1. With loop defined by DSSP as not H, G, I, E or B, and exposure as at most 13 other Cβ atoms within 10 Å, which is the longest segment of the chain clear of exposed GluC sites (Glu not before Pro)?
2. Of the options SER25, SER78, HIS100, report the single residue whose Cα projects farthest towards the positive end of the charge dipole of the chain (beta-carbon charges: Lys, Arg +1; Asp, Glu -1).
3. Can you compute the equivalent ellipsoid semi-axes for the stretch 82-197, i.e. the square root of 5 times each eigenvalue of the Cα gyration tensor, sorted largest first and rounded to whole Å?
4. Would you kindly state how much longer the chain becomes between ILE81 and GLU104 on full extension, computed as 0.36 nm times their sequence separation minus their alpha carbon distance, in nm to one decimal?
5. Assuming R0 = 45 Å, what is the FRET efficiency of LEU179 and SER51, from their Cβ-Cβ distance, to the nearest 0.05?
6. Along the charge dipole of the chain, Cβ charges K/R +1 and D/E -1, which of HIS60, PHE90, LEU14 sits furthest on the positive end?
7. Pairs of Cα atoms under 8 Å, at least six residues apart: use those to get the relative contact order of the chain, whole percent.
8. Determine the calculated [θ] at 222 nm for the chain from helices alone, applying -39500 (n - 2.57) to every DSSP H run no shorter than 4 residues and normalising by the residue count; nearest 500 deg cm²/dmol.
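We did not get these values from a lab; they are worked out from the coordinates using the rules stated. It should be emphasised that the depicted structure is a prediction, and the values quoted were computed from it without experimental measurement. Here Cβ is always computed from backbone atoms with ideal geometry, including for glycine, and neighbour counts include all displayed protein chains.
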Amino acid sequence: MLSPSVCNCCNKSLAYEKRKNKFCSSRCSAIVTNKIDRKRGPLPKEKVLYSKVKFYLCTHTNKWYVNRNPNGTVRRTSPYIKSEKEKYYFASRFRFNVYHFPNEFNLSLIDSYGWYTCPGKKRLNSLTNVLGASRDHIISVSYGFANNINPKIISHPANCRIMLHADNKKKHTACELTLQELLQKINIWDQKYSERRTGLEPVLF
């Protein structure tokens, strides 16, 4: 005669009709089951350390750089290399003080509206003035780049005027002087203010 099956809990012999069961009763089944450690609910997700600051290798100079600018904005390209267009736009920026030439610019517009300051992340905690005035290139920088005009001509004070920034945006890349007209204007400007520097004309500040 074959040996009978026994309960996995109390080792009691099982009846023939219950020979396929593991336990002799629900009590024994509960005793074993309750000893098993189990976690209720979904498994917690593993928290992975993550940083928004990433390091990239510049393909042109083989130097590493981070994807964040000092002011917190995202850096899209390598700081070690600039395109010819970026270099031209940087060289075409105005680098003079309009208040040194009060007779050449509409300074009353600045007194009334103030200087334009752009909104954005870099000015998160400072005042903005989207209705203010800004300096406009009469012959636009994009036109100068497309036509290979010397950036010193584009950045000359004679190519500058004060206007509301909203009107400046509407103007976009339009030019309101020809290159020949601007060169004549620059010539007059340089003659006038070279005399000022030599003392033939009183300096006005």
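1. Result for the longest clean stretch: 47-175.
2. SER25
3. Working: eigenvalues 120, 77, 35 Å².
Over the Cα atoms of the stretch 82-197, the ellipsoid semi-axes are 24, 20, 13 Å.
4. Working it through step by step, the gained length comes to 4.6 nm.
5. Details: r = 50 Å, r/R0 = 1.11.
My answer for the efficiency is 0.35.
6. Toward the positive end, the furthest listed residue is LEU14.
7. Reported relative contact order: 13 percent.
8. Theoretical 222 nm ellipticity from helices: -8500 deg cm²/dmol.
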